[in-house]
Amino acid sequence: MHRRHLLASVSALGALATLPAAVRAQGRRLVLGQSVPLTGPAAQLGIQMQAGAKLYFDAVNAAGGINGTTIELRTMDDGYEPERCKANTDKLIKDDVFALFGYVGTPTSLAALPLVNQNKIPFVAPLTGAEALRDPLSPWVYHVRASYYDETALIVKQLTQLGLMRISVFHQNDAYGKAGLDGVLRAMKPLAIQPQATSTVERNSVDVAKAVKDLVSTGSPPEAIVMVSAYKSCAAFIRAARKAGYGGVFYNVSFVGTQALLDELGKDAMGVVVSQVMPYPFGAAIGVVQEYQTAATKAGQKFNYTAIEGYIAAKVMGEAIRRMGARASREALVAALDGMSNYNTGGFTVKFGAAKHVGSSFVELSMLTDDGRVKR
């Protein structure tokens, strides 16, 4: 009897030893590592992304977990600075987290990418649409959202269909801004047009005086300005441009942070357009939007696009963990994600495959109002 018990114990220890330390340390628990801005000018993006994801993970854990396994989201602040994100990622990997999840930003995610590939760790649902994270395909990186190419294509299509051909671009002076500018150029090329002018703002800065001068204070002003930056700098530019007498329209890509931009602009938000890559999180809803709204209301959170992205990303991650089964490994998680060829989260479908790690190309346009609302 004692010998049988001993052999059973040895066998169990052997199976346990094949699991990552993050799983072994607390028994049936998986730890996901996340690096996002929780402080600084882009803080609301990280705070909302984390909050939305936790709504889902907390509900799952309260119900007993997935396959009996609970999920811990371990979040570190990077202030939207690449070097801090790289250091955070290095620490999370050394702490042997099971996977990386829900990062925020292009320059930060690109700083983490070499460590992701070197350590063969899944990197799921970063909040970025940059092509540099999509092509070439990494076997470890999975995107839930559409790309900036998708967003800028729709923006340029609508502007030109409205007859607005004089288009300028205001963009962040980094990999994110360049990704958005490249998307605009790509969308314009078949139409044989070019941006009337371009100008930049530094990451985590609101020094927009030169950009306002470059784009609206000299010569013939553009009819529209496409904006590729975060909410504080975009809000500063919009206010300054209007003060300088600019009467054209402003179009933003989704990363701006819709709710944060609304909060920054107040009544000045009237007429500002934002492309969206997630379903409309406000008003009457069904499916995953209703799930999100119910969870957010229970937690006392306001509905917003960044948080619903976190919620949907967490639901996709949870489904992959469920499909992975009881034997947790990074390779099993990748196989589960690759097998999600048509996963309907509840009105928002994600399609992955071994050679397809971008799950959605959904984009639509929204317009902000002067009373704090978002219209479709």
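The set of residues in the range 161-173 being surrounded by fewer than 19 Cβ atoms within 10 Å (Cβ to Cβ) and either over 23 Å from Thr218 (Cα atoms) or hydrophobic (A, V, I, L, M, F, W, C) (or both) consists of Gln161, Leu162, Leu164, Met165. Could we say that Gln276 is within 11 Å of Leu368 (Cα to Cα) and under 18 Å from the mean Cα position of the chain (by Cα) here? When the stated conditions are applied, Gln276 does not pass them. For the range 13-21, the condition holds for no residue, the condition being that it is in contact with a helix residue (DSSP H, G or I) (Cβ under 8 Å, 6 or more places away or on another chain) and at pLDDT 95 or above. Across the range 93-107, a minimum of one residue is classified as of a type in the set (Gly, Ala, Ser), buried (at least 23 other Cβ atoms within 10 Å of the Cβ) and either in a helix (DSSP H, G or I) or in contact with a Gly (Cβ under 8 Å, 6 or more places away or on another chain) (or both). Taking the criterion of being under 14 Å from Val169 (Cβ atoms) and assigned to a loop (DSSP other than H, G, I, E, B), the residues of the range 222-236 that qualify are Pro222, Glu223, Ser229. Here Lys232 meets the list (1) among the charged types (D, E, K, R); (2) surrounded by fewer than 22 Cβ atoms within 10 Å (Cβ to Cβ); (3) closer than 15 Å to Ile47 by Cβ almost entirely, failing just condition (2). Does Asp182 fit the bill of being outside the structural domain of Thr75 (by TED's automatic domain parsing), modelled with pLDDT of 95 or more and of a type in the set (Asp, Glu)? When the stated conditions are applied, Asp182 passes them.
Pairs linking a residue in the range 191-207 that is assigned to a loop (DSSP other than H, G, I, E, B) to a residue that is of a type in the set (Phe, Trp, Tyr) and at pLDDT 95 or above, with Cβ atoms under 9 Å and 6 or more positions apart or on different chains, are Arg203/Tyr80; Arg203/Tyr176; Asn204/Tyr80; Val206/Phe237. In the condition set (1) closer than 20 Å to Ala153 by Cα; (2) in contact with a strand residue (DSSP E or B) (Cβ under 7 Å, 6 or more places away or on another chain), Phe237 is compliant with all but (1). Among the candidates Gly68, Gly105, Gly64, the residue that is among the small types (Gly, Ala, Ser), more than 17 Å from Val31 (Cβ to Cβ) and touching a residue at least 60 places away in the same chain (Cβ under 8 Å) is uniquely Gly105. The residues listed here are Val97, Val116, Val104; of these, the one that is at pLDDT 95 or above, within 15 Å of the chain's Cα centre (by Cα) and not assigned by TED's automatic domain parsing to the domain that holds Ser229 is Val104.
Residues that are among the aromatic types (Phe, Trp, Tyr) and not in a loop (DSSP other than H, G, I, E, B) were ranked within the range 124-170; the one that is farthest from Phe237 (Cα to Cα) is Tyr142. Within the set Asn117, Asn88, the sole residue that is part of a helix (DSSP H, G or I) and under 21 Å from Ser329 (Cβ atoms) turns out to be Asn117. Scanning the range 237-290 for residues that are within 23 Å of Thr106 (Cα to Cα), part of a loop (DSSP other than H, G, I, E, B) and free of Cβ contacts under 8 Å to residues at least 60 places away in the same chain yields nothing.
All of Gly40, Gly79 fail the test of being touching a Pro at 6+ places or on another chain (Cβ under 6 Å), of a type in the set (Gly, Ala, Ser) and either surrounded by fewer than 16 Cβ atoms within 10 Å (Cβ to Cβ) or outside any helix (DSSP H, G or I) (or both), apart from Gly79. Which one is modelled with the highest pLDDT among residues in the range 22-38 that are over 18 Å from Ala307 (Cα atoms) and not hydrophobic (A, V, I, L, M, F, W, C)? Taking the candidates together, the pick is Arg29.
The values are calculated or read from the model by the stated rules, or taken from the named source; none is laboratory data. Note that the structure is a prediction, hence the values are computed from the model and not measured. Backbone-built Cβ (ideal geometry, glycine too); neighbour counts: all protein chains shown.
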